[in-house]
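Below is one structure; the comments refer to it alone.
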Amino acid sequence: MPANKKLLMLPGDGIGPEVMDEVKRIIGWMDKRRHVSFDVADDLVGGCAYDKHGTSLTDNTLEKAMGVDAVLFGAVGGPKWDKAERQHRPEAGLLKLRKEMDLFANLRPATVFPALADASSLKKELVSGLDMLIVRELTGGVYFGQPRGIETLKDGSKRAVDTQVYTSGEIDRVCRAALEFARKRQKRVTSVEKANVMETGVLWREVATAVGKDFPDVQLSHMYADNCAMQLVRNPKQFDVIVTDNLFGDVLSDCAAMLTGSLGMLPSASLGAPDASDRRRALYEPVHGTAPDIAGQKLANPLAMVLSFAMCLRYSFDMADDADLVETAVRNVLDAGFRTADIMQPGKKKVSTVEMGKAVTAELDRLSA
Ligand code: IPM
Ligand code: MG
């Protein structure tokens, strides 16, 4: 088959390259065993790009990202670049990719694999069977609002400003996306803001309510963000889909991720608006960061990156069967007792990053024999 599926891999820093290698292994497997080829390019992003080019995302890399069907992104950042100027910091490269590619809908599923229900910091009965989706607005809000900055006042003290700003259009499109995704799930959406305190929250609730009218088959409710944080640790299974702004989404998705036992398990998809042929710009990345403390030691859990690739198959290439296959293989290797250090439990088989990746491809072999 012709390799017409264009992927750009941006492994980034820290454990990024190690976990990306395990996706390469799966791509190699798909090429050989399923005769599905991808046209894969590699490039630098984050701290490693800064070291080479003096900026964390070059225009050339951005152009490549704009020209592919999907970007696979590892992780960026680390103490080494803490002193870099803000606009060149590793994180700035990621934020620029999100903004320039207009990836406004960030899907962060939090699913508890049966084998890991014990690894959660919450009681097993609270999390087992958990399957929720956070849809985080990704290109607006306080992350990008102007004015922002730190100024020195006359008396020598300083003043810092960030701006939380949303237009009705930005709220409309992300709520619409969330309601649409809910249609393929349990058809329940909780819209989260702080309308009791913030103007953006008032507008958010107003627009969410209006969009909800176009989805009479989906049950829409509203919740304040602080209450949502509490409900996530009190009774997470009450949620199906949560839709929320950029900052609340950042915080709540870390919280939801931990319910599943490890940040090392959670994938994400960042999607743009569908074009005329229903294709969306897309970037897939694990929710975890660069974990500089374990980088290079082959200890990292590659499963979040592998599951991000499964999301890529599902959303960018319409390959639901292959996505299911990869997800099943991951579930089975966990059931078989394979564990990287972050999810290690007594009596299980501790494996390295590479061994975990190989266990997944061995299971793919078995499943498709
Ligand atoms: C995330 C991360 C990023 C964010 C950082 C790395 C800029 O925490 O994707 O959740 O704050 O959005
Ligand atoms: Mg975050």
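Report yes if A195 is small (G, A, S), under 17 Å from F248 (Cβ atoms) and surrounded by fewer than 21 Cβ atoms within 10 Å (Cβ to Cβ), otherwise no. It is true that A195 is small (G, A, S), under 17 Å from F248 (Cβ atoms) and surrounded by fewer than 21 Cβ atoms within 10 Å (Cβ to Cβ). If I ask for residues that are among the acidic types (D, E) and more than 15 Å from ligand 2 (Cβ to nearest atom), which ones from the stretch 264-287 would you list? Passing the criteria: D275, D278. Taking the stretch 94-121 as the search range and keeping residues that are polar (S, T, N, Q) and more than 16 Å from ligand 2 (Cβ to nearest atom), which one is surrounded by the fewest Cβ atoms within 10 Å (Cβ to Cβ)? Among those residues, the one meeting the criterion is S121. The number of residues in the stretch 220-271 being more than 14 Å from P109 (Cα to Cα), touching a Phe, Trp or Tyr at 6+ places or on another chain (Cβ under 8 Å) and within 13 Å of ligand 1 (Cβ to nearest atom) comes to 3. One residue stands out in the stretch 272-297 among those that are out of contact with any Ser or Thr (no Cβ under 9 Å at 6 or more places or on another chain) and either within 16 Å of ligand 1 (Cβ to nearest atom) or among the β-branched types (V, I, T) (or both): the one that is least open to solvent (accessible area, probe 1.4 Å), namely T290.
Restricting attention to the stretch 44-78 and to residues that are in contact with a strand residue (DSSP E or B) (Cβ under 6 Å, 6 or more places away or on another chain) and under 23 Å from P292 (Cβ atoms), the residue that is most open to solvent (accessible area, probe 1.4 Å) turns out to be V76.
Can you pull out the residues in the stretch 11-36 that are in contact with a Phe, Trp or Tyr (Cβ under 6 Å, 6 or more places away or on another chain) and open to solvent by 10 Å² or more (accessible area, probe 1.4 Å)?
Pass one, the stretch 11-36, residues in contact with a Phe, Trp or Tyr (Cβ under 6 Å, 6 or more places away or on another chain): 23, 27.
Answer for the stretch 11-36, where residues must be in contact with a Phe, Trp or Tyr (Cβ under 6 Å, 6 or more places away or on another chain) and open to solvent by 10 Å² or more (accessible area, probe 1.4 Å): just I27.
Listed by first and then second residue, the pairs linking a residue in the stretch 327-349 that is over 12 Å from A119 (Cα atoms) to a residue that is exposed (fewer than 14 other Cβ atoms within 10 Å of the Cβ), with Cβ atoms under 7 Å apart and 6 or more places separating them unless they lie on different chains, are T328/L367; A329/L367; G337/K349; F338/K349.
Identify all residues within the stretch 122-141 that are open to solvent by less than 30 Å² (accessible area, probe 1.4 Å) and in a helix (DSSP H, G or I); write none if there are none.
Restricting attention to the stretch 122-141, the residues satisfying the condition of being open to solvent by less than 30 Å² (accessible area, probe 1.4 Å) are 127, 130, 132-141.
Selection gives V127, G141.
Scan the stretch 119-141 and tell me whether some residue there is modelled with pLDDT of 95 or more, among the small types (G, A, S) and in contact with a strand residue (DSSP E or B) (Cβ under 7 Å, 6 or more places away or on another chain). No, the stretch 119-141 contains no residue that is modelled with pLDDT of 95 or more, among the small types (G, A, S) and in contact with a strand residue (DSSP E or B) (Cβ under 7 Å, 6 or more places away or on another chain). Residues considered: R34, R89. Of these, the only one that is more than 16 Å from ligand 2 (Cβ to nearest atom) and at pLDDT below 95 is R34.
Select from the stretch 325-341 the residues that are open to solvent by 70 Å² or more (accessible area, probe 1.4 Å) and either modelled with pLDDT under 95 or closer than 26 Å to L283 by Cβ (or both) and list them in ascending order. The answer is R331, and nothing else.
Residues in the stretch 199-258 that are part of a loop (DSSP other than H, G, I, E, B), touching a residue at least 60 places away in the same chain (Cβ under 8 Å) and either within 16 Å of ligand 2 (Cβ to nearest atom) or open to solvent by less than 40 Å² (accessible area, probe 1.4 Å) (or both): F239, D240, D245.
Any residue in the stretch 181-193 that is more than 25 Å from P109 (Cα to Cα), in contact (Cβ under 8 Å) with a residue 12 or more places away in the chain and hydroxyl-bearing (S, T, Y)? No, that holds for no residue. Screening A115 against (1) within 16 Å of ligand 1 (Cβ to nearest atom); (2) over 20 Å from A41 (Cα atoms); (3) not β-branched (V, I, T) leaves a single unmet condition, (1).
Tally up the residues in the stretch 79-93 that are within 11 Å of ligand 1 (Cβ to nearest atom) and open to solvent by 20 Å² or more (accessible area, probe 1.4 Å), please. Write out each step before concluding.
Kept after step one, since they are within 11 Å of ligand 1 (Cβ to nearest atom), are these residues of the stretch 79-93: 89-93.
Adding the requirement that they be open to solvent by 20 Å² or more (accessible area, probe 1.4 Å) leaves 89, 91-92.
Final tally of qualifying residues: 3.
The values are calculated or read from the model by the stated rules, or taken from the named source; none is laboratory data. The structure displayed is predicted, hence computed values, not measured ones. Note: ideal-geometry Cβ built from the backbone for every residue, glycine included; neighbour counts use all protein chains shown. Keep in mind that these areas ignore ligands, DNA and RNA; they rest on the heavy atoms of the full protein, side chains included. Shrake-Rupley method; radii C 1.70, N 1.55, O 1.52, S 1.80 Å.
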